[in-house]
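These notes are about the structure you will find just below.
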Amino acid sequence: MIYCPKCGTANRQGSKFCNECGTPLPATGLRCPMCGALNPVGNLYCDHCSARLIPAEKVSPEEEKSERPSPPKGISLPSVPLGEEGWLSELRAEVEALDLPPEEEIPEWLREREAPAAPAAPEAPPLEAAVPEWLREREAPAAPAAPEAPPPEAVVPEWLRERETPAAPAAPEALSPAEKPMPSLAGIPVSPAGEAPEWLREVEFAPPIPGGPFAQPPETPTADIRAGAPPEEPAAVPPILPVEELPVLSPGEIPDWLKEAPEEAPPELGGLVPAEIPQWLRALRPREEVTVEEEPAETEGFLVGLRGLLPIGKGLDMPPTAQPLLPRAPSPAAVARAELLQGLLSRPLLTPPTIAAREVSRPTGWTVARFLVGLILLAAILLPMMVRLPLSGLPTAPTAEALFAMVNQLPGNTPVLLAWEYSPAESDEMDRVARPLIEHLLRRGARLIVVSTRLEGPAAAEALLASRLADPSERSQRIANLGYLPGQAAGVREALENLDGRTEAITGLPASQTEAMAGVHSVADVGMVVVLAAQPDDLKTWLEQISIANPNMPVVAGVSARTELISTPYLTAGQLGGMVAGLTGGAVYERQLDTGRGREYEYYLTSLGVAQLTVAALMVIGALIFLVGGRKR
Amino acid sequence: MDRLVKRILPTSVAVGTGLLVLLGYLLPIPLLASVRDELIRWAVIIAAFAFVLGFFNLLRVHSGRARKPGGIYSVILILTALTSLVLTMTALMLPTLRFLGDWWFRYVLSPLQASVAGLIAFVLAVAAFRLLRHRRETSVLVFLAAALIVLLGTLPLPAPAGNWLANLRTWWMNVPAMAGMRGLLIGVGLGILLIGLRLLTGSDRPYSD
């Protein structure tokens, strides 16, 4: 949780803004000393680089021998110690196999590196051990207590020699510390005689140590000089004491001005302050032997065996504003929601109602109404069987009469393509449409070529045709069932162009070898196309494809009552030469053909009339009930 | 590569095939006509193969559902489909056993399909009874009036009401109903034309991503 420093609201860990007042939330976590990534509090290792975030505790040798302690579990790290990678283990094994010198035989480069850290120079003050070499060289003129061997003459820069020459015509026997070599100044341009160089003026303008050789305070601010402002008066530059006027001290003797300096004075030495030492340089500064020994060695990860690499106590990055505040008192609405949730949870579990129970809960009136509707329909079906009702008059169907006339004009032995587009689900109606038409065609001596774009179509056709032509030889002469046409419109288009390329579905013979297909290769060779369609789409497909393949081909249709309406535009446009629609059309065709099935059609028409009258009565009764009773939702 | 396989290649094949078939109908070039017929033949073969894939996909889907609650219907479907397949294949390969396929079709498939279709009459009757239960808008009242006119106008009712209803039904079917149906057909034709153009130009790609 992160508590908002403004309102005290507890926010989820990782939130950047307060969920209550929108105040930016401080980022908390452990800062990795290796990669700088911020890790959740409690992590032992960095999520990004796997470096240890908290230094390992020092373990006594006895504890190390007894059992290697497992690291405490972090938040997002595995609880098992990190194992070495395979390549690292191999590398470690190779290094051990190299038979390296013992630990006492430290390489030359490492000895040079460790040399400053060892307190091997008892005569040098402790302060010098903490100062880098280059800094000591700069401090040397200010601390003449450490005499060194006189450097060669040529090491002194030219400008310094010129400057020293007039002040000290006779060189002393022993060179003063001011004449120590200053290699770092070799590249600095030489200033004119009597004028200090730029770098030296900056050094001299630093606050001097009280009582020191440069105790005279500068009159010109350093900032002005650094900004490039030219010194107006040469007197503003403090005078530099000649070398011969500096006090000569014996080795180990501390000058008086240095003794009077406070303990925290060392940063002022040479005009520099410790804050100006870069971080990386301070990190390279050798540590004292005692400090290194106190830090325990890493026992895990990639840093095994190394000491002092992780700073102690610097990983926690907690802004001072992240003060955990107590949450405010909950609002009444929150209390009400909590009480409601508690009440819901304290209720006993209820078993969900079963489907049967839900059905029982439906209104009884609606169930009774459905039952009554079913009874009325059943009575409408049974009534024509028992009582002869005067509901089957003499219907009229001009389109059926026109179709009858077209079939009558067909010459004998004419091939007729029969598209059988209905399934057993529609056969009760469509069989009574198709039967008189097929009977008429067979009477006229036509040869029937049956195709269908429905899977059940060929079987439905065979069921009807087998009852008409039971003799196999006669059937093979008059009927060729070419079966199912896959591909919808593409199948129809392909079949119209290639009728004799198909296979007879009943005998399995090639269509070209059947007697019924004699002389028929495509739709252009047939005398008429009859489409028996129960669905409007089937009729449209056939009409469109036939009009493309052979626009002058006479096409007639026997359709269901529901397809009658959509067939009428094709009939009026001339694409359909005639049509038998529904039971009424079938009855008219049957009456004209006079097959002796007039009583059958009369019965079906009576049943249809009773059903229509029943449905009309139900509509009127229902409309009255709901108009009077009101709308239900 | 993925874009080429999933988008560019299917679109190119579809547009190219459609244009070839269309040009085969529009231009009196024998080569284009033969290419058109060949492509249509390919389409028929692919459609037939799609039925085989659909059959096995049906079995696969319902095999998974059979293990879930209510899976008894999936089991029945699988058994029925396999029985139909075996009987039909047997009838086609062995003409002496053709009666098995005929029996299955005549005494199982046909009665079941007719029974399901017969339920539609009951559903329509109940729906007609509840026509004004939820909605009393003008369109519902017009629908109610048209249904009554068509239903009663077909019946040989005694004159003069019967004749008046028959004439009203004939007018209704030839004028308002026919006008609506012609409008629907024109709309369907324009829609098919538009879909064809969109497919040919690649604007619609139902065959690719």
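Could you tell me how many of the residues in region B:194-203 are outside any helix (DSSP H, G or I) and in contact (Cβ under 8 Å) with a residue 12 or more places away in the chain?
Narrowing region B:194-203 to residues outside any helix (DSSP H, G or I): B:202-203.
Okay, now just the ones that are also in contact (Cβ under 8 Å) with a residue 12 or more places away in the chain, so B:202.
Of the residues in region B:194-203, 1 are outside any helix (DSSP H, G or I) and in contact (Cβ under 8 Å) with a residue 12 or more places away in the chain.
Could you please let me know if B:Thr90 is more than 9 Å from chain A (Cβ to nearest Cβ), surrounded by 14 or more Cβ atoms within 10 Å (Cβ to Cβ), under 30 Å from A:Ile506 (Cβ atoms) and out of contact with any helix residue (DSSP H, G or I) (no Cβ under 7 Å at 6 or more places or on another chain)? Steps first, please.
Working: more than 9 Å from chain A (Cβ to nearest Cβ): yes; surrounded by 14 or more Cβ atoms within 10 Å (Cβ to Cβ): yes; under 30 Å from A:Ile506 (Cβ atoms): yes; out of contact with any helix residue (DSSP H, G or I) (no Cβ under 7 Å at 6 or more places or on another chain): no.
No; evaluated as a whole, the condition is false for this residue.
For a quick check of your reading: which helices (runs of 4 or more DSSP H) sit entirely within region B:119-193 and have at least 1 residues that are under 17 Å from A:Val620 (Cα atoms) and more than 8 Å from every other protein chain (Cβ to nearest Cβ)? Steps first, please.
Working: elements: B:131-134, B:138-154, B:161-174.
Because the criterion is at least 1 residues that are under 17 Å from A:Val620 (Cα atoms) and more than 8 Å from every other protein chain (Cβ to nearest Cβ), the helices (runs of 4 or more DSSP H) in region B:119-193 that meet it are B:138-154, B:161-174.
Return the only residue of A:Ser423, A:Ser452 being among the polar types (S, T, N, Q), surrounded by fewer than 23 Cβ atoms within 10 Å (Cβ to Cβ) and out of contact with any Ser or Thr (no Cβ under 6 Å at 6 or more places or on another chain). Quick ask: steps written out before the conclusion?
Working: A:Ser452 fails: surrounded by fewer than 23 Cβ atoms within 10 Å (Cβ to Cβ).
Being among the polar types (S, T, N, Q), surrounded by fewer than 23 Cβ atoms within 10 Å (Cβ to Cβ) and out of contact with any Ser or Thr (no Cβ under 6 Å at 6 or more places or on another chain) holds for just one of A:Ser423, A:Ser452, which is A:Ser423.
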Can you name every residue in region B:80-132 that is of a type in the set (Phe, Trp, Tyr) and under 24 Å from A:Met430 (Cβ atoms)?
B:Trp103, B:Trp104, B:Phe105, B:Tyr107, B:Phe122
Would you be able to say whether some residue in region A:404-421 is at pLDDT below 90 and within 14 Å of chain B (Cβ to nearest Cβ)?
no
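With respect to B:Arg3, determine if the residue is surrounded by 14 or more Cβ atoms within 10 Å (Cβ to Cβ), over 16 Å from A:Arg493 (Cβ atoms), more than 26 Å from the chain's Cα centre (by Cα) and more than 14 Å from chain A (Cβ to nearest Cβ). Talk me through it step by step, then tell me what you get.
Details: surrounded by 14 or more Cβ atoms within 10 Å (Cβ to Cβ): no; over 16 Å from A:Arg493 (Cβ atoms): yes; more than 26 Å from the chain's Cα centre (by Cα): yes; more than 14 Å from chain A (Cβ to nearest Cβ): yes.
Taking the combined requirement at face value, the residue does not satisfy it.
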In region A:465-501, which residues are away from chain B (no Cβ under 11 Å) and buried (at least 16 other Cβ atoms within 10 Å of the Cβ)?
A:Leu465, A:Leu469, A:Arg475, A:Ser476, A:Gln477, A:Arg478, A:Ile479, A:Ala480, A:Asn481, A:Leu482, A:Leu499, A:Asp500
Return the pair list, or none, for Cβ contacts closer than 6 Å from residues in region B:38-51 that are more than 7 Å from chain A (Cβ to nearest Cβ) and in a helix (DSSP H, G or I) to residues that are surrounded by 13 or more Cβ atoms within 10 Å (Cβ to Cβ) and of a type in the set (S, T, N, Q), at least 6 apart or on different chains.
B:Leu39/B:Thr17
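Take region B:52-73 and flag every residue that is in a loop (DSSP other than H, G, I, E, B) and exposed (fewer than 14 other Cβ atoms within 10 Å of the Cβ).
In the first step, residues of region B:52-73 are kept if they are in a loop (DSSP other than H, G, I, E, B); the result is B:66-71.
Of everything in region B:52-73, those that are in a loop (DSSP other than H, G, I, E, B) and exposed (fewer than 14 other Cβ atoms within 10 Å of the Cβ) turn out to be B:Arg67, B:Lys68, B:Pro69, B:Gly70.
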Which residues, counting only those in region A:528-551, are out of contact with any Phe, Trp or Tyr (no Cβ under 9 Å at 6 or more places or on another chain) and free of Cβ contacts under 8 Å to residues at least 40 places away in the same chain?
A:Pro536, A:Asp537, A:Ser547, A:Pro551
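Which residues, taken from region A:503-517, are touching a Leu at 6+ places or on another chain (Cβ under 8 Å) and away from every other protein chain (no Cβ under 11 Å)?
To start, the set of residues in region A:503-517 that are touching a Leu at 6+ places or on another chain (Cβ under 8 Å) comprises A:503-505, A:508, A:511, A:516-517.
Scanning region A:503-517 gives A:Glu504, A:Ala511, A:Ala516, A:Met517.
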Criterion (at pLDDT 85 or above, more than 10 Å from chain B (Cβ to nearest Cβ), more than 19 Å from B:Val126 (Cα to Cα) and in a helix (DSSP H, G or I)) met by exactly one of A:Glu564, A:Glu602, A:Glu590, A:Glu544
A:Glu590
Condition met for B:Leu112 (out of contact with any helix residue (DSSP H, G or I) (no Cβ under 7 Å at 6 or more places or on another chain), free of Cβ contacts under 8 Å to residues at least 60 places away in the same chain and either surrounded by 11 or more Cβ atoms within 10 Å (Cβ to Cβ) or acidic (Asp, Glu) (or both))
yes
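Let's see how each residue does on (1) in contact with a Gly (Cβ under 9 Å, 6 or more places away or on another chain); (2) over 30 Å from B:Val140 (Cβ atoms); (3) small (Gly, Ala, Ser):
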site: A:Asn550; (1), (2), (3): no, yes, no
site: A:Ala561; (1), (2), (3): yes, no, yes
site: A:Thr568; (1), (2), (3): no, no, no
site: A:Gly582; (1), (2), (3): no, no, yes
site: A:Gln592; (1), (2), (3): no, yes, no
site: A:Ser607; (1), (2), (3): no, no, yes
site: A:Ala617; (1), (2), (3): no, no, yes
site: A:Val620; (1), (2), (3): no, no, no
A:Glu401 fails exactly one of (1) more than 14 Å from chain B (Cβ to nearest Cβ); (2) acidic (Asp, Glu); (3) in contact with a Ser or Thr (Cβ under 9 Å, 6 or more places away or on another chain), namely (3)
Residue count, region A:1-51 (criterion: of a type in the set (Ser, Thr, Tyr) and touching a helix residue (DSSP H, G or I) at 6+ places or on another chain (Cβ under 8 Å))
2
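The values are calculated or read from the model by the stated rules, or taken from the named source; none is laboratory data. Quantities reported herein were computed from a predicted structural model and do not represent experimental measurements. Positions of Cβ are backbone-derived with ideal geometry, glycine not excepted, and every protein chain shown enters the neighbour counts.
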